[in-house]
Amino acid sequence: MDSKDQLETAIAARRDDLIALTQDLIRIPTLNPPGQNYREICDYLKQRLEAAGFTVDLIRATGALADSETYQRWNMVARYEGGAAGDTVHFNSHHDVVEVGHGWTKPPFGGVLEDGRIYGRGACDMKGGLAASIIAAEAFIATYPKFAGAIEISATADEESGGFGGVAYLAEQGRFDPARVQHVIIPEPLQKDRICLGHRGVWWAQVETKGRIAHGSMPFLGDSAISHMGAVLAEIETHLLPLLAGKTTAMPVVPPQARQSTLNINSIHGGEAEQAEDYTGLPAPCVADRCRIVIDRRFLIEEDIAAVKAELTDMLEQIKASRPRFDYEISDLFEVQPSMTDENSPLVQSVGQAIERVLAQKAEYVVSPGTYDQKHIDRIGRLKNCIAYGPGILELAHQPDEWVGVDDMADSALVMALTLAELLPTA
Ligand SMILES: [Zn+2]
């Protein structure tokens, strides 16, 4: 039998186990925020992977953002050493899930199996991917016990809220040092025939316009910050957005509408603060002396973040030059550099070949419009060979009645196992 047949048989033999493992993981509600049951899911995985011969570390991100005595940020890292020296392939999954929300017809933490689909919050994003990577590793180890190199599996906290108590913390501890780990696969739900090479960059900033408070019946005695912000919004609409739409990229971002620079205005607040819901009175008549927007600018690998920031500042300076009494302030909130792994890297090539062998079709290379934990592996870990590859349909993530298909998990587990056979010599 060739490697594909052998691994296919090994994974088919573990189909019930794959289902049960996915259901067990869904039944531990690891809601984030605030970060519930992180220790429970790490303990569960430790037991499972130790039984499979892995050495397991449980690591609390003590002192990281959101870590507290009540909500401790626990992470699990498991390692299996092969019979000889070689590369390390690391599968990284986040174990946290987002809130349930409304509109479910299935129990959100029930792990119900129906018509080949497993339902639950986190089924597709990304406990199905985590289960697939565990089954892939176990099937590979059982088939080729003397392989060269090492396999790591991690389950990490807080991806849904920035990853600071998860992958960022582990990267700071050297867990993604290229001397230690050579290839990283993140089984996020990108669909079993697609390889996600990376993501666009992010810059969040607050822009404030300033005015002068006065009585609302005599607005001419004040200076409205809301009017000034109106000028900013008009300039964004008429000049900045068309400019951004004209920027082209070599990044194969999906959906294709995101294959350019984009800017969203996340919020706007101006004038008197909104009152609490139990306030029963009227607002007071005042000219707004402050108005603030929060912008979410997504940028391309061809762009430089300093130039991205200068573009906005230049626009505001131009308004200032032509508009009397206009004054503003920009504050940086958050930034992430774009990341894109080389298509010709051994990792991408191996996964691409495995997809062709399993699905009899060419792999599609994509880039994510938003970011995920790859940002920390790239920037803090300085590890470039990182992709997202996993089962599940991206559009189902964070939706009611989220599900993952059992066949999709089995197929992507086979792709992962074949990738291991390619990167870790088995002869
Ligand atoms: Zn995810």
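Residues that are within 16 Å of the ligand (Cβ to nearest atom) and closer than 29 Å to Ala179 by Cβ were ranked within the stretch 84-103; the one that is surrounded by the most Cβ atoms within 10 Å (Cβ to Cβ) is Asn92. You will find that of Arg60, Arg15, Arg27, the residue that is among the basic types (Lys, Arg), surrounded by fewer than 20 Cβ atoms within 10 Å (Cβ to Cβ) and touching a strand residue (DSSP E or B) at 6+ places or on another chain (Cβ under 6 Å) is Arg60 and no other.
Thr371 meets all of the listed conditions (1) touching a Phe, Trp or Tyr at 6+ places or on another chain (Cβ under 7 Å); (2) within 25 Å of Lys309 (Cβ to Cβ); (3) surrounded by fewer than 22 Cβ atoms within 10 Å (Cβ to Cβ) but one, namely (1). Just one of the listed residues (Gln399, Gln349, Gln361) is of a type in the set (S, T, N, Q), in a helix (DSSP H, G or I) and open to solvent by 10 Å² or more (accessible area, probe 1.4 Å), and it is Gln349. Taking the stretch 109-128 as the range and being in a loop (DSSP other than H, G, I, E, B) and either aromatic (Phe, Trp, Tyr) or away from the ligand (no atom under 16 Å from the Cβ) (or both) as the test, the residues that pass are Phe109, Gly110, Gly111, Val112, Asp115, Gly116.
Would a scan of the stretch 294-309 turn up a residue that is over 20 Å from Trp203 (Cβ atoms), assigned to a loop (DSSP other than H, G, I, E, B), modelled with pLDDT of 95 or more and open to solvent by 40 Å² or more (accessible area, probe 1.4 Å)? I'd like the intermediate steps shown before the answer.
First, the residues of the stretch 294-309 that are over 20 Å from Trp203 (Cβ atoms): none.
So far as the stretch 294-309 goes, no, none of its residues is over 20 Å from Trp203 (Cβ atoms), assigned to a loop (DSSP other than H, G, I, E, B), modelled with pLDDT of 95 or more and open to solvent by 40 Å² or more (accessible area, probe 1.4 Å).
Only one entry in Glu69, Glu50, Glu114, Glu81 is open to solvent by 30 Å² or more (accessible area, probe 1.4 Å), at pLDDT 95 or above and either of a type in the set (S, T, N, Q) or in contact with a Phe, Trp or Tyr (Cβ under 9 Å, 6 or more places away or on another chain) (or both), namely Glu114. Taking the stretch 378-396 as the range and being open to solvent by 10 Å² or more (accessible area, probe 1.4 Å) and not in a loop (DSSP other than H, G, I, E, B) as the test, the residues that pass are Asp378, Arg379, Leu394, Glu395, Leu396.
Taking the condition within 16 Å of the ligand (Cβ to nearest atom), of a type outside the set (D, E, K, R) and either on the phi > 0 side of the Ramachandran plot or open to solvent by 40 Å² or more (accessible area, probe 1.4 Å) (or both), does Ile330 pass?
Working: within 16 Å of the ligand (Cβ to nearest atom): no; of a type outside the set (D, E, K, R): yes; either on the phi > 0 side of the Ramachandran plot or open to solvent by 40 Å² or more (accessible area, probe 1.4 Å) (or both): yes.
So Ile330 fails the test.
The values are calculated or read from the model by the stated rules, or taken from the named source; none is laboratory data. Note that the coordinates shown come from a computational prediction; the quantities given were computed from them, not determined experimentally. Virtual Cβ from ideal backbone geometry, glycine too; neighbours counted across all protein chains shown. Just so you know, the surface numbers come from the protein's heavy atoms only, side chains and all, with ligands and any DNA or RNA stripped out. Shrake-Rupley method; radii C 1.70, N 1.55, O 1.52, S 1.80 Å.
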